[in-house]
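Quick note: the coordinates plus some simple rules give every number you see, no bench work behind them. In this text, all values refer to a predicted model and were calculated from it rather than measured experimentally. Reconstructed Cβ throughout: ideal geometry from the backbone, glycine too, with neighbour counts over all protein chains shown.
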Ligand SMILES: Nc1nc2c(c(=O)[nH]1)N[C@H]1C(S)=C(S)[C@@H](COP(=O)(O)O)O[C@H]1N2
Ligand SMILES: [Mo]
């Protein structure tokens with residue numbers, strides 16, 4: 001299929017591996033031509049040869065992992081290409097465009113790195129990334145990731161269940177929620193100049209959601225350590241919730257007795273609730289959530305896929321929401 005547009009992930013993974021002059025030149029070229037399907041097709045075709053040499057994958061250190069034995073942790077769908085998964089990202093600390101994280105997160109310093117596990121736990125502690133990497137056996141899990149914007153990917157993550165870590169710090173009986181705090185460093189993150197979100201980017205889960213075996217603390221993907229743009233050196237992945245719940249570049253995990261605020265809920269209370277479970281029957285106030293576009297699949301005329309309740313993980317997680325009005329607790 002020749003016709004590909006910006007949204008199908010034709011964009012290269014950014015200037016990290018593309019000479020900047022070529023990247024800017026191609027961008028300008030596409031802007032003048034991409035005014036309709038014909039223009040977009042021509043721009044896509046023209047950009048292809050010029051960029052072929054730049055599409056060499058930049059390898060990161062390998063991360064050893066065994067395949068997960070957890071039911072539901074592996075989809076049978078084909079994984080999204082590495083190029084798309086690392087070139088089409090949301091990481092607002094590095095800018096708002098999908099190409100920005102790949103371009104600007106190259107400067108993120110992921111070592112030394114420490115994570116505080118604090119709040120309502122028996123054994124609060126600060127662990128460095130090397131001890132976190134070894135805390136439990138690393139597993140590969142191929143999860144669907146569904147962004148609230150209406151697209152999805154299939155990504156082979158590497159990590160272990162967050163419960164492995166939480167069990168070691170021993171939550172107190174009074175702990176009911178977990179708050180996730182991510183890095184906010186103006187010196188490294190140009191996106192913090194923007195006030196779209198109240199930095200640091202924070203997220204939250206109910207304690208049972210955080211303890212659910214599918215909730216992954218991820219350190220790698222595609223057999224390697226996480227690329228910076230995907231949330232190095234460690235991030236959360238909660239596969240049955242919209243992508244924004246999966247906070248990147250964590251620096252603190254805090255157990256609380258009250259529902260924590262979240263960055264997106266503070267930014268638009270009526271659009272992004274605390275739960276944010278993937279649900280085709282609960283539209284976002286400004287658009288439907290009934291279908292999704294799989295990144296990398298076809299072009300302008302590719303068929304959208306039907307979005308599944310809990311992103312297809314209903315059998316594993318549905319019970320946690322029994323009796324809850326999912327329209328009210330969106
Ligand atoms: N710290 C931080 N984490 C974040 C975001 C962000 O802007 N900042 N964006 C979220 C959104 S909206 C999505 S869809 C996923 C995207 O993850 P990916 O780029 O690895 O596919 O990361 C989530 N985690
Ligand atoms: Mo998202």
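Could you please rank 235, 293, placing first whichever residue has the fewest other Cβ atoms within 10 Å of its Cβ?
Result, fewest neighbours first: 293, 235.
What is the order of 320, 153, fewest Cβ neighbours within 10 Å to most?
Ranked by crowding around the Cβ, least crowded first: 320, 153.
What percentages, rounded to whole numbers, describe P(r) for the range 93-133 computed over all alpha carbon pairs with 10 Å bin width beginning at zero?
Bin by bin from 0 Å, the calculated values are 25, 29, 29, 15, 1.
Using Cβ counts within 10 Å as a stand-in for footprinting exposure, how do 264, 287, 157, 113 rank, fewest first?
In increasing order of surrounding Cβ atoms, one gets 287, 113, 264, 157.
Sorted by average packing, counted as other Cβ atoms within 10 angstrom per residue and highest first, what order do 198-204, 163-169 take?
198-204, 163-169
Using 1/(1 + (r/R0)^6) with R0 = 45 angstrom and r between the beta carbons of residue 78 and residue 258, what's the FRET efficiency to the nearest 0.05?
Efficiency computed from Cβ-Cβ geometry: 0.60.
Jot down the radius of gyration and Dmax of the range 14-321, Cα atoms only, both in angstrom.
That works out to 19.5, 62 Å for Rg and Dmax.
Between residue 286 and residue 109, what length comes free when the chain is fully extended (0.36 nm per residue of separation minus the Cα-Cα distance, one decimal in nm)?
60.0 nm
Any idea how far apart residue 185 and residue 301 come out in nm if each label point goes 7 Å out from Cα toward Cβ?
4.9 nm
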